[in-house]
Amino acid sequence: MKSSENLLVFAECNKEGIHPVAFELLAKGKELCEKSGSALHCLVLGNQDTEILDLQELNIRGADEVFYIKDDCFTWAEECLYKENIVPFIRERNPHTVLFGATNFGRSLAPRVAAALQTGLTADCTNLTMDEDGRLIQIRPAFSNNILAHIKTLSYPQIATIRYKEFQEAERDEAREAKLTVLEAYRKAYEGATVLESLREQEFDITKAEVVVSGGRGIKRKEDLQMLQELAELLGGELGVSRALVDGGMISSAHQIGYSGNRVKPKVYIACGISGAPQHIAGMKDADLIIAINKDPSAPIFKFADYGYVGNLYEVIPQMISGIKNG
Ligand code: FAD
């Protein structure tokens with residue numbers, strides 16, 4: 001049986017504001033709440049003033065009530081401390097379902113919350129629906145994208161992480177009443193860890209990039225990634241990679257595109273020295289325009305590319321860079 005009549009969306013926020021995946025979760029949450037007759041709640045943790053964070057936007061996008069746990073201890077996104085605050089909140093309010101964005105942070109936080117609550121978690125969902133008993137059906141690709149698994153969690157709350165850019169953002173309705181409750185932090189320190197410094201790399205989020213220049217095993221040395229980084233910057237984009245380079249220790253997994261990495265939907269995706277394994281394609285196939293550079297004309301990546309260049313990336317990338325620089 002459902003434990004309560006509310007569904008909770010966790011809205012991740014940082015210095016740049018609320019992560020837009022929250023607006024997508026609100027759209028899906030609203031749909032599920034209409035079916036089940038539940039209220040749609042939204043939880044935010046942060047250290048900024050409510051106006052700066054524009055929490056009212058969450059009401060405008062469909063949340064019936066927004067709960068904000070505000071404290072300076074949330075200056076850094078530290079999963080264990082977040083978990084220590086989210087778990088008691090969930091215990092008090094008993095949502096039947098909790099949705100997190102499958103961002104780097106959400107993927108790290110949600111399993112900690114689920115484990116503490118001794119309930120199940122379905123990670124990286126691409127859709128959600130409900131059966132006739134009001135139980136959540138969590139849909140996600142499985143077996144390297146060969147099937148779409150439909151998963152039901154037997155315990156409550158039902159917890160899922162949902163990939164970014166799967167749903168349209170919830171529409172804005174300025175007439176909606178703002179209902180915001182600011183709460184004290186339950187725990188202000190986590191004994192297991194202290195954050196000393198937050199580096200740019202940890203905040204890096206490739207999922208929002210409009211242009212992604214990605215390198216694969218065709219890149220032979222770590223320092224050669226610099227030329228792809230330069231091309232990405234000239235195009236106003238970010239550097240992505242295949243898992244081969246992450247496994248090879250060349251770069252952090254925050255840059256990895258694919259099934260077990262990040263899913264991106266940029267306007268332009270340039271794959272350099274990437275063969276086009278299904279697990280990589282799963283992360284970039286929805287790009288508006290795909291350009292592939294590979295020295296092997298039979299590389300599978302060309303089947304997915306709008307434009308392909310058969311050649312050595314060590315020749316063509318410097319030419320592209322100097323072409324852009326020289327206008
Ligand atoms: P390769 O397959 O080795 O391809 C290298 C390509 O570079 C070749 O096509 C070659 O022709 C070309 N090349 C070489 N030199 C040059 C040159 N000088 N100029 C131009 N082209 C050149 N992979 C991911 O990427 N993301 C994931 O999230 C992911 N998740 C996985 C999850 C699971 C459960 C498993 C089993 C695998 C996963 N993989 C993932 C790994 C995936 O199966 C492939 O092994 C990986 O994508 C291959 O990376 P690649 O294309 O860079 O390397």
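The trypsin sites (Lys or Arg not before Pro) found in the stretch 237-270 that occupy coil by DSSP, while having at most 14 further C-beta atoms within 10 Å, are LYS267.
Per residue, the accessible area of the stretch 262-308 comes to 44 Å², computed with a 1.4 Å probe over protein heavy atoms only.
Taking amide H as placed 1.01 Å from N in the peptide plane, CYS125 has its amide H under 5 Å from the amide H of THR161, ILE162, ARG163, each at least 5 places away in sequence or on another chain.
Extension gain for GLN319 to LEU289 (0.36 nm times residue separation, less C-alpha to C-alpha distance): 8.8 nm. Cross-linked pairs LYS165/LYS325; LYS83/LYS222; LYS165/LYS267: Cα-Cα separations exceed 25 Å for LYS165/LYS325; LYS83/LYS222. The relative contact order of the chain, computed from alpha carbon pairs under 8 Å that lie at least 6 residues apart in sequence, is 15 percent. Against the main long axis of the alpha-carbon atoms of the chain, helix 21-36 sits at an angle near 50°.
How far, in degrees from 0 to 90, does helix 313-325 lean away from the longest principal axis of the Cα atoms of the chain, to the nearest 10? For helix 313-325, the angle is close to 80 degrees. In order along the stretch 61-77, the phi-based Karplus estimate (6.51 cos²θ - 1.76 cosθ + 1.60, θ = phi - 60°) of 3J(HN,Hα) comes to 8, x, 5, 6, 8, 10, 10, 10, 8, 10, 6, 5, 5, 9, 4, 9, 7 Hz; Gly and Pro are listed as x.
Taking the C-alpha atoms only, the angle from helix 79-93 to the longest principal axis of the chain is near 40 degrees. Of the accessible area of the stretch 7-184, computed with a 1.4 Å probe over protein heavy atoms only, carbon and sulfur atoms account for 45 percent. Using the alpha carbons alone, the radius of gyration of the chain stands to its Kirkwood radius in an Rg to Rh ratio of 1.00.
With the simple model of a label 7 Å out from the Cα in the direction of the Cβ, MET130 to LYS220 spans 5.9 nm. As a rough guide to protection, the peptides 103-114, 42-53 ranked by mean Cβ packing within 10 Å, highest first, stand as 103-114, 42-53.
Descending by average beta-carbon neighbour count within 10 Å, the peptides 217-230, 144-157 line up as 217-230, 144-157, the highest first. With all pairs of separate Cα atoms included, the stretch 179-327 yields a Kirkwood hydrodynamic radius of 16.5 Å.
The values are calculated or read from the model by the stated rules, or taken from the named source; none is laboratory data. In this text the structure is predicted, and so the values were computed from the model without any measurement. Every residue, glycine among them, receives a Cβ derived from its backbone with ideal geometry; neighbour counts consider all protein chains shown. Side chains included, ligands, DNA and RNA excluded: accessible areas come from the protein's heavy atoms. Shrake-Rupley method; radii C 1.70, N 1.55, O 1.52, S 1.80 Å.
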